[in-house]
Amino acid sequence: SHGPIQNWDDFENYPWPEDIGSVNLSSKWMARRVPDGMKVMVIPGGVFEWASWLMGLTPFCYALADQPDLVDAIIEEVSSLVYAVVEDLMNEPGVGGIFMGDDLGFNSGTMISPKAIRAKIFPNIKKTVDLVHDAGKVFAFHSCGNLDKIMDDIIDLGVDAKHSFEDKIMPVEEAYLRWSDRVGIIGGVDMHLLTVGTEDEVRYRTREILDVCGREGRYVLGTGNSAANYIPMKNYLAMLDEGRKWNKEVHGI
């Protein structure tokens, strides 16, 4: 309901990060320690998330109408920082790509209008997508919520893969059948099932998904959202184990 930036004075006095190298210390530390053949996918901030958090979502929504120049300035500052963070990582051989997390939606729609997202958010994300691709690396995009109205726009950004699917919005099989010819699909084993289901239920659902999404490629098995600490470990491991078994049975690997 309220963030640290509400007006131009707040914007001018905000302590924007200046030392990009220090922001990337942990990412570079990990990238230089992974085994040969393994890569790190770095998660920078999301343009919409950071901009809306700096104002608070409610003030941000009002400001889209009342202070659009201030919203634009915040978005520009945030996207410039994200770009600089990513640019600093592109020469790291252990960094395989970027996995941007930017939650644009909730269970029935987008957080702000698709029109505003297309005008103010996507052009800034596009710059980072192009930067990553110019470096020969992968750009995956995570966003929660019902993004049906903007999914084509997300694909048109050139992202290599999209993550976060939940059964109550759109089962991952449906997303795969609709979009996998244009973008990779990641995850979809529903968080609620992983949390409250039995191991057998998790295994059954994992195979259901793989039977549709796993045979032709452009799919990565995984959870519907970030693997939360309240998921029973036995269920998470059951998903992975069933995925390995299915892969061996179907693909022989």
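Please work out the FRET efficiency for the pair residue 33 and residue 1, using the Cβ-Cβ distance as r and a Förster radius of 41 Å; give the result to the nearest 0.05. If you can, show how the numbers build up before the last one.
Working: r = 41 Å, r/R0 = 1.00.
Taking R0 as 41 Å, the efficiency between residue 33 and residue 1 is 0.50.
Using a/c under 1.5 as the rounded threshold, could you call the range 139-253 rounded, prolate or oblate? The axes a ≥ b ≥ c are square roots of the C-alpha gyration tensor eigenvalues, and prolate needs a/b larger than b/c, oblate otherwise. Don't skip to the end; give the middle numbers.
On the way: a/c = 2.10, a/b = 1.36, b/c = 1.55.
Note, shape of the range 139-253 comes out oblate.
Give the Rg (one decimal place) followed by the Dmax (whole number) of the range 188-253, computed from C-alpha coordinates and expressed in Å.
Just the Cα atoms of the range 188-253 yield Rg and Dmax of 11.3, 33 Å.
Averaged per residue, what accessible surface does the range 154-253 expose to a 1.4 Å probe, in Å²? Walk me through the numbers on the way to the answer.
Details: 5180 Å² over 100 residues.
I get 52 Å² per residue for the range 154-253.
Please pull out the direction-averaged projected area of the range 99-138, using the convex hull of its alpha-carbon atoms, in nm² to one decimal place. Walk me through the numbers on the way to the answer.
Numbers: hull surface 12.7 nm².
Result: 3.2 nm².
Give the aspartates and glutamates whose C-alpha is closer than 19 Å to that of residue 162, dropping any in the same chain fewer than 8 places away, or say none.
Answer for residue 162, where 19 Å is the Cα cut-off: 49, 102, 103, 130, 148, 152, 153, 173, 174, 181, 190, 216, listed by chain and number.
How long are the semi-axes of the equivalent ellipsoid of the range 1-93, defined as square roots of 5 times the Cα gyration tensor eigenvalues? Whole Å, largest first.
Numbers: eigenvalues 207, 31, 21 Å².
So the equivalent ellipsoid measures 32, 12, 10 Å along its semi-axes.
How much of the DSSP bridge set in the chain is antiparallel, in percent, rounded to the nearest 5?
On the way: 2 of 19 bridges.
The answer is about 10 percent antiparallel.
Can you list the lysines whose alpha carbon sits under 17 Å from that of residue 120, skipping same-chain ones fewer than 8 residues off?
149
Quick one: give the max-minus-min coordinate of the C-alpha atoms of the range 70-125 along each principal axis, largest first, in Å.
On the principal axes, the range 70-125 reaches 39, 28, 13 Å in Cα extent.
So for the chain, taking the charge dipole from beta-carbon charges (+1 Lys/Arg, -1 Asp/Glu), which of 217, 96, 136 sits furthest toward the positive end?
Farthest towards the positive end: 217.
By the gyration tensor of its Cα atoms, with a ≥ b ≥ c the square roots of the eigenvalues, what is the shape of the range 146-196: rounded for a/c under 1.5, prolate for a/b over b/c, or oblate? Present the calculation step by step, with values, prior to reporting the outcome.
Working: a/c = 2.27, a/b = 1.98, b/c = 1.15.
Verdict is prolate for the range 146-196.
Check cross-link reach from residue 137 to the aspartates and glutamates: straight Cα distance under 16 Å, and skip same-chain residues fewer than eight apart.
87, 88, 92, 160
Starting from one equal scatterer on each C-alpha and no solvent at all, send me the Debye-based log10 I(q)/I(0) for the chain at q = 0.09 Å⁻¹, two decimals.
-0.44
The values are calculated or read from the model by the stated rules, or taken from the named source; none is laboratory data. Since the model is a prediction, treat every value here as computed from it, not as a measurement. Glycine also receives a Cβ, built like all others from the backbone with ideal geometry; neighbour counts cover every protein chain displayed. Ligands, DNA and RNA are excluded from the accessible area calculation, which covers all protein heavy atoms including side chains. Shrake-Rupley method; radii C 1.70, N 1.55, O 1.52, S 1.80 Å.
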